[in-house]
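Read-outs throughout are calculated quantities, based only on the coordinates presented, and are distinct from any laboratory measurement. From a predicted model like this one, the values you see are computed outputs, not experimental measurements. When we count neighbours, we look across all protein chains shown, and the Cβ atoms used for this are built from the backbone with ideal geometry, even at glycine.
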């Protein structure tokens, strides 16, 4: 007697091989048998006639770790067919923590959580954080990467300077502790403080530690617009000198001035691999990105942390300096507002009810709504009122670059999203539609409608490729003996519904999702199951 049998499905096994018809039997959380016809009985039988049965999707780039402790359902994740997320990206992870920065970090976390939701940062080490997450189940599995920004903050604080030799040794120790605890690699966010202050040798030193444990170096590079090629050179240099695989986060061509550059960047990666640098990329299928509104400010503003930045925002002389540097640029700095213009910057979320009306407005509209003399003043005042916590979406891209990257064999899929829901306290603001639509959009638009990708190749980019990349080798493929993370979708109807104006909408066509052999989505509805696990690299 099996626990579950999925009958009559079109099997796309995750390898990229052609589909075939077969049944899949699940027992004790794992796939037990795949055969043309399984005659045994089961407690649950799923008729997958007309449906695709494939491995559960593995999100190569997630920020779900910052609310898994307070929102364990992860509904927007599992509704896309995602059964595992790789979190801790862009240099940002919940651990390690030090007592010196705990208070400010706690304040920032409090400001970003919905009203009535609390999370006390009680841990110090990476292992202690993972143990906290392991106390209860999750909607999906979570594989963690340790963030360089967290390591730097815990090891030397938030100052804009190089670490001392003693501080660098401390940072190496923190990296080693995280890797020993089960981190899958080291991430950087080199447009965000404090990572923006780190020079290349510092990152190489820490990447060498991660490499000793078989980890990956996963980087939000220093610039994705005009400074793209220089930033990619640095990432490849780090990989080459540290002897570590390089994952380029959410690869994009983020400025109209360099549209079409994807052909050059993908050739660059091919050349790097030819000389022995193991580089791959992830991407979400949109022409806009999303991050915090504070990222519009020059790097020096953030020196010392959020509290220090807000003090500078109150100083008229320093405001004028910010204005000048945004207008003129700073060499090496990714200047979103200066490169992309204010009408391409949209406010996605605010904390205060007083500013709720500006959610969904671009900064030109925000200026007009507030009656501000210019966009700079509107930005400064909004950031002060929101204590630096407002979010934004920025439009930057060209569809041909998105498609070119997507088609390339070195590309895999990631959402760059956290956890949210269409109702309740985690329905907040107007988040980027990638939170709800990344995987269904690829399957519906780019596979079925536009035929940019073959079905089997799209599924490979969503399953076995990220599994191989990060070393999650007991998932991401349909084979007897692996964990039964399985997604069943309708290839004729699957599509995203989330939009920039109305993002809080689940996709359609994802009929069944199993996490560790338990049905988590049944006929398109979340069952409430928390069978996801905190994964540790071994």
- Per the rule of 0.36 nm per residue minus the C-alpha distance, extending residue 445 to residue 479 adds in nm 9.4 nm
- Given (i) 142, 67, 46; (ii) 77, 50, 47; (iii) 73, 62, 43, the label whose value is Cα extents along the principal axes in Å derived from this model: (ii)
- Query: With labels modelled as points extended 7 Å from the Cα through the Cβ direction, what inter-label distance (nm, one decimal) is found for residue 110 paired with residue 354?
  - Reply: 1.9 nm
- Item | Helix 375-385 axis, angle to the chain major axis (alpha carbon atoms, nearest 10°) | 70 degrees
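Using per-residue counts of other Cβ atoms within 10 Å, averaged over each peptide, order 247-254, 423-430 from highest down.
247-254, 423-430
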- If r is the Cβ-Cβ distance from residue 118 to residue 173 and R0 is 25 Å, what FRET efficiency results, to the nearest 0.05? 0.25
- Expressed in nm to one decimal, what extension gain is obtained for the pair residue 315 and residue 268 from 0.36 nm per residue of sequence separation less their Cα-Cα distance? 12.5 nm
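Looking only at Cα atoms, what is the convex hull volume of region 292-395 per residue, in Å³?
90 Å³
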- Specify the inter-centroid distance of region 1-78 and region 446-483, based on alpha-carbon positions, in whole Å. 12 Å
- For the pair residue 368 and residue 21, how long in nm is the line joining their label points, each one 7 Å along Cα→Cβ? 5.8 nm
- Task: In Å and from the alpha-carbon atoms only, list the Rg and Dmax of region 17-125.
- Result: 20.4, 62
- Message: I need the semi-axes of the equivalent ellipsoid of region 458-538: take the C-alpha gyration tensor, multiply each eigenvalue by 5, square-root it, list largest first in whole angstrom.
- Response: 24, 16, 14
- Note on the structure: At 25 °C in a medium of viscosity 0.890 mPa s, region 372-505 has a Stokes-Einstein diffusion coefficient, with Rh taken as the Kirkwood radius over alpha carbon pairs, in µm² per second, of 140 µm²/s
- Note on the structure: With the 8 Å Cα cutoff and a minimum separation of six or more residues, region 292-404 has a relative contact order in percent of 31 percent
- Evaluated at q = 0.10, 0.21 Å⁻¹: base-10 log I(q)/I(0), Debye formula over Cα of region 184-280: -0.24, -1.04
- Note on the structure: Quick calc, residue 525 & residue 308: beta-carbon distance into FRET formula, R0 35 Å, rounding 0.05, result 0.15
- Query: Is it possible to state the helix-based mean residue ellipticity at 222 nm for the chain, with each DSSP H run of 4+ residues giving -39500 (n - 2.57), the sum divided by total residues, to the nearest 500 deg cm²/dmol? What is it?
  - Reply: -9500 deg cm²/dmol
- Using DSSP, restrict attention to beta bridges with both residues in the chain and report what percent are antiparallel, rounded to the nearest 5. 55 percent
- Item | Between helix 200-212 and the chain: long-axis angle, C-alpha atoms, 0 to 90°, nearest 10 | 30 degrees
- To the nearest 10 degrees, how steep is helix 262-274 against the longest Cα principal axis of the chain, on a 0 to 90 scale? 70 degrees
- Message: For 105, 68, 15, which order do you get if you count the other beta carbons within 10 Å of each Cβ and list the fewest first?
- Response: 15, 105, 68
- Figure the gain on full extension for residue 233 and residue 399 (residue separation times 0.36 nm, minus the Cα-Cα span) and round it to one decimal in nm. 57.3 nm
- Rounded to the nearest 0.05, FRET efficiency between residue 159 and residue 128 (Cβ-Cβ, R0 35 Å) equals 0.90
